[in-house]
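Here is the structure we will look at.
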Amino acid sequence: MCGIVGIVDASGVSFPLYYALYALQHRGQESAGISTFEGTTLYTHKAQGLVAEVFNSQILQKLQGNAGIGHVRYPTTGSKIPENVQPFNFRYLGLELSIAHNGNLVNTAELRAEYERRGQIFSTTTDTEIIGSIIADALRTSKSMEDAVRLCMRRLRGSYSVVALVNGTVYAFRDPLGIKPLCIGKIDHGYIVASESVAIDALDGTLLRDVRPGELVCIDEDGLSSTQIATANRRAHCIFEYIYFARADSVMDGTLVYDVRRRIGQRLYDAKPVEADTVCPVPDSGIAYAAGYAERSCIPFVEGLMKNRYMGRTFIMPTQQQRERAVRIKLNTVRGNLKDKRVVLVDDSIVRGTTSRRIVNMIREAGAEEIHLRVGSPPIIAPCYLGVDMPTRAELIASSRDVEAVRESVGATTLAYIPLEDLVEAIGWSETNLCTGCLTGCYPVDIPGERSCHCIVDYVAGTHQADLSSFKMEKERTA
Ligand code: AMP
């Protein structure tokens, strides 16, 4: 997962990009970067670390220009090495291209092998560099960015929301299934595209709409224009964005994420009511769910856990004992709210089970009588290949255990997950328009060795190259 942003603003973009990246920090804490363009010069500053660690006002002042893009990285492909920090720049024949990407391609290896055979040299291990290389290569022969993106989209398989800066114009496009989010906003003297609407809010802007799946948006000093590059017979919005990844105050594909989570909380009570004294969220991810659960059950919402929000990634933990202590520094119990209480503990998801086990144990040690764990996602049974850092089946606690075995493993009195139908209803999209790969093991794109769902993508005819005319790609059901 990553966060991306692109801005064109007549009064300069480096500070707005910085504020927008700050709002998207939850989408990636590994590295941050900004590219801007002024006159004939592309400026880039990027490094490993949080947004506040990577930039200061002197650096931002040097990033001149009225157009730029930014990125925060959460590594899903490519190792955590400085070379993999985005945006990536491509320069030749008067072209200055800078590119940043959120998502994950599933055909990186074959594309890379093909382009290496053609003499392309790659300097990173990321799929983003492949996207940039294909576009840069296509721009040598095609006359427009539109054709280059069309050619690129035809080659890519997987999830991608991309922002690109080409000689002072910002382009943004989203894969034909719209797997990763991307939205457009109006700001004072220009426009912004960003992974989540909270970046638009940070600039006091107005959310206009989402970038449509398969759409290419172009922003320059004349304003905003758009071309539909590809259309598909379905969407595949990442269901995990609604469950965990997006900020609750974001509006994604027309829906306020907080509302989705609150509705899930309500349905969690309906699905398996329990008598209890308090509803307690796992902070921060469980808060909206617990609010909904408390509302529906009329059991009071009481915080039993407090999170220390000032513990940065740089917190030093050299020994196992210190690491264990660090857990208590990060999260502590409010004993008075838990002692002798029957507690409904609400969290968004159980992945490996380590977090839930630790928290259930802490709450029990604080004196709770019963701990009823309620989870805002169905059991996660399969890995994600499309951009969420979700481990292998062997590491996923629910992939080989039923609900009772998971309950026993985490030590809760009772355990209930939200049923998939209820989750889908709470989101408001039909199940066929969501990617539920991690919950069903059935993916919207072909992945070797996995089941995939039927999906047809049409590419709208190109303007310049005959061989780019409309064609149909049919994905067969490989159940
Ligand atoms: P665990 O079950 O110990 O693997 O941790 C699950 C918890 O981590 C969930 O309650 C989420 O709040 C959070 N979480 C879920 N998915 C991710 C992810 N891909 N990256 C980081 N944290 C996650």
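The values are calculated or read from the model by the stated rules, or taken from the named source; none is laboratory data. In this text, all values refer to a predicted model and were calculated from it rather than measured experimentally. Reconstructed Cβ throughout: ideal geometry from the backbone, glycine too, with neighbour counts over all protein chains shown. These accessible areas exclude ligands, DNA and RNA; they are computed on the full protein's heavy atoms, side chains included. Shrake-Rupley method; radii C 1.70, N 1.55, O 1.52, S 1.80 Å.
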Accessible-area value, residue 301, 1.4 Å probe, nucleic acids and ligands omitted, Å²
80
hull vol. (C-alpha, convex hull) per residue for the chain, Å³ -> 145
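Pop out the Kirkwood hydrodynamic radius of the stretch 256-443 from its pairwise C-alpha distances, inverse of mean 1/r, in Å to one decimal.
This gives a value of 17.1 Å.
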For residue 113 and residue 328 in one chain, what is 0.36 nm times their gap in residues minus the Cα-Cα distance, to one decimal in nm?
72.7 nm
Nonlocal amide H pairs with residue 252, under 5 Å, H built at 1.01 Å
257
Spin-label model distance (nm) - residue 460 vs residue 395, 7 Å beyond Cα toward Cβ:
4.0
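Hey, what's the Cα Rg ratio for the stretch 164-272 versus the globular rule of thumb, 2.2 N^0.38 Å?
1.19
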Sticking with the crude label model, points 7 Å out along Cα→Cβ, report the distance from residue 233 to residue 92 in nm, one decimal please.
3.9
Which order do the peptides 222-228, 193-199 come out in when sorted by mean C-beta neighbours inside 10 angstrom, highest first?
193-199, 222-228
Give the Rg/Rh ratio for the stretch 215-292, taking Rg as the radius of gyration of the Cα atoms and Rh as the Kirkwood radius, to two decimals.
1.19
Residue 80 to residue 40: FRET efficiency via 1/(1 + (r/R0)^6), r the Cβ-Cβ distance, R0 45 Å, to the nearest 0.05?
0.85
Of all alpha-carbon pairs in the stretch 329-437, indicate the percentage at a distance above 24 angstrom.
31
Roughly how many debye, to the nearest 20, is the charge dipole of the chain about its Cα centre, given +1 on each Lys and Arg Cβ, -1 on each Asp and Glu Cβ, and no other charges?
1000
What does the highest-first list of 431-442, 43-54, 278-289, 171-182 look like by mean Cβ count within 10 Å?
171-182, 278-289, 431-442, 43-54
How much of the accessible area of the chain, probe 1.4 Å, is carbon plus sulfur, in whole percent?
49
Give the dimensionless ratio obtained when the Cα radius of gyration of the stretch 107-226 is divided by 2.2 N^0.38 Å.
1.12
Long pairs among 62/186; 46/80; 186/307, criterion Cα-Cα beyond 23 Å:
62/186; 186/307
